[in-house]
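Below is one structure, written out as structure tokens, with a few remarks after it.
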Amino acid sequence: MGKWIMGVLLVAAPCMAWSAEPAASRNQELRFNQMFRNLDTNNTGKISRAEAELKAPAIAENFDHIDVNHDGGLTKKEIKDAFLAADNKRREFSRNLDAADKDKDGKLSRDEAKVLPNMSANFDAIDSNHDEQLVMKEIADYVRAKGNADAASGADATQ
């Protein structure tokens, strides 16, 4: 379940993939710095929980996971590392889905989902339209709802 929640982090947060191409990388760095300056309203070089709650709800929701040193402020490095980790998990999840989709129709049948234990175990709950096929929207909706339910109950949604 943890891979799903972190994968959704990139969907919810601003997509910041650090490209290997120098020009694209420079442009992404400029956009990231601008985003950081916009969030850091008191110019401390760190994003507080209050600042994140005002302008970046996805970052605020994941504040404790991003704040690896638990000092109450998010540095550029902590945010970049979280985005990169989420992007890596999203890519891994995408590769796993693609590998499971044996007929390459963009859907997972119950049989195809068997190679993904969490997907298989929760197939009926994920299959919101009950067509015996899982599509990405159903998976994302399930992960989002599960994360919200875990957060409301005080459970760690990334476990």
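Only the coordinates and a few stated rules stand behind these numbers; no lab work does. All values reported here derive from a predicted model rather than from experimental measurement. Neighbour counts run over all protein chains shown; Cβ positions are idealised from the backbone, glycine included.
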In whole angstrom, and with the biggest value first, how far do the Cα coordinates of the range 101-154 range along each principal axis? 39, 19, 16
Number of Lys pairs in the range 38-159 with C-alpha atoms less than 23 angstrom apart, excluding same-chain neighbours closer than eight positions? 25
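What is the fewest-to-most order of V143, V68, V135 by other Cβ atoms lying within 10 Å of their Cβ?
On the way: V143 23, V68 13, V135 17.
Exposure proxy ranking, most exposed first: V68, V135, V143.
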For S109, distant residues with modelled amide H under 5 Å away: L134
Can you work out ³J(HN,Hα) from phi for every residue in the range 26-34, in order, using Karplus 6.51 cos²θ - 1.76 cosθ + 1.60 and θ = phi - 60°, giving whole Hz and x for Gly and Pro? 5, 5, 5, 5, 4, 5, 4, 4, 5
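Indicate the gyration tensor shape class of the range 18-96 (rounded, prolate or oblate), computed on the Cα atoms with a ≥ b ≥ c the square roots of the eigenvalues: a/c under 1.5 is rounded; otherwise a/b larger than b/c is prolate and the rest oblate.
Values: a/c = 2.21, a/b = 1.30, b/c = 1.70.
Oblate is the answer for the range 18-96, as a/c is 1.5 or above yet b/c matches or exceeds a/b.
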Computed ³J(HN,Hα) along the range 83-92: with the Karplus parameters 6.51/-1.76/1.60, θ = phi - 60°, integer Hz and x for glycine or proline, the list is 4, 5, 4, 5, 5, 4, 5, 4, 5, 4
